[in-house]
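Reading through the structure tokens given below for one structure.
The values are calculated or read from the model by the stated rules, or taken from the named source; none is laboratory data. Predicted model only: the values in this text are computed from it and were never measured. Here Cβ is always computed from backbone atoms with ideal geometry, including for glycine, and neighbour counts include all displayed protein chains. Areas reflect the complete protein model, heavy atoms only, side chains present, ligands, DNA and RNA absent. Shrake-Rupley method; radii C 1.70, N 1.55, O 1.52, S 1.80 Å.
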Amino acid sequence: TIEGSAREALDDLRLVIHSLDIRDDELPLALSGLRERLERQLKRLGITLDWSIVRLPDIANASPTQALNILRILQEAITNAIKHANPSRIMVRGSESEDGQALILVENDGQPFPHTANRGGNGLNNMRRRIRQLGGEIQIEPLPTGTRVRVLLPLRLPDATPGHY
């Protein structure tokens with residue numbers, strides 16, 4: 001338990017430090033760094049990560065704080081899948097939504113997210129708070145096997161409020 005907590009704290013610290021160096025056009029680089037960290041973690045757990053964001057449109061005006069918020073939302077979606085769904089596979093896909101926004105899907109093949117849990121705990125509440133700061137939306141839906149998290153982001157993020165991580 002202690003080792004797991006220490007590992008999570010270290011991963012979170014790395015995420016924060018890495019996001020501090022992000023410039024407006026470097027969100028794909030930050031996402032790539034997250035992928036590398038997640039791949040190692042998931043491999044240790046025997047979970048396959050299927051990741052493709054090549055079709056994700058450019059997201060302009062991404063400050064370090066906003067990039068960190070995006071990374072933490074994705075990290076929380078994957079952490080929730082690991083903790084609650086017992087998946088064998090997690091898929092992350094980036095694309096453009098039908099209404100022209102950036103869309104990131106995080107799906108797992110584990111236990112479906114129960115409808116009754118839609119209010120959520122601290123992790124889900126933090127995801128919702130972060131997505132509001134980004135001017136986006138988040139939707140969590142159970143699948144016949146697994147859960148889908150839809151993260152919708154505007155193609156131009158609102159100006160960041162300093163100091164909100």
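General remarks:
- Counting only protein chain heavy atoms and rolling a 1.4 Å probe, the accessible areas of 3, 26 rank, largest first, as 3, 26.
- Rolled with a 1.4 Å probe across the full set of protein chains, the surface gives residue 96 an accessible area near 110 Å².
- Paramagnetic label zone (point 7 Å from Cα along Cα-to-C-beta, residue 145; backbone N under 13 Å) in the stretch 72-93: 87-90
- In Å², nearest 10: area of residue 145 left accessible to a 1.4 Å probe: 90
- Accessible heavy-atom area order of 127, 91, highest first, probe of 1.4 Å: 91, 127
- Enclosing the Cα atoms of the stretch 36-165 in their convex hull gives a volume equal to 108 cubic angstrom per residue.
- Within the shell of other residues whose beta carbon sits under 11 angstrom from the beta carbon of residue 101, the net charge comes to -2, with Lys and Arg scored +1 and Asp and Glu -1.
- Evaluated at q = 0.20 Å⁻¹, the base-10 log of the normalised Debye intensity for the stretch 28-83, with identical point scatterers placed on the Cα atoms, takes the values -0.80.
- Rounded percent of accessible protein surface that carbon and sulfur make up, the stretch 56-115, 1.4 Å probe: 45
- Spacing of the two label points (7 Å from each Cα toward its C-beta) at residue 48 and residue 79, in nm: 2.6
- Accessible area per residue (1.4 Å probe, heavy atoms of protein chains only) ranks 37, 89 as 89, 37, with the largest value leading.
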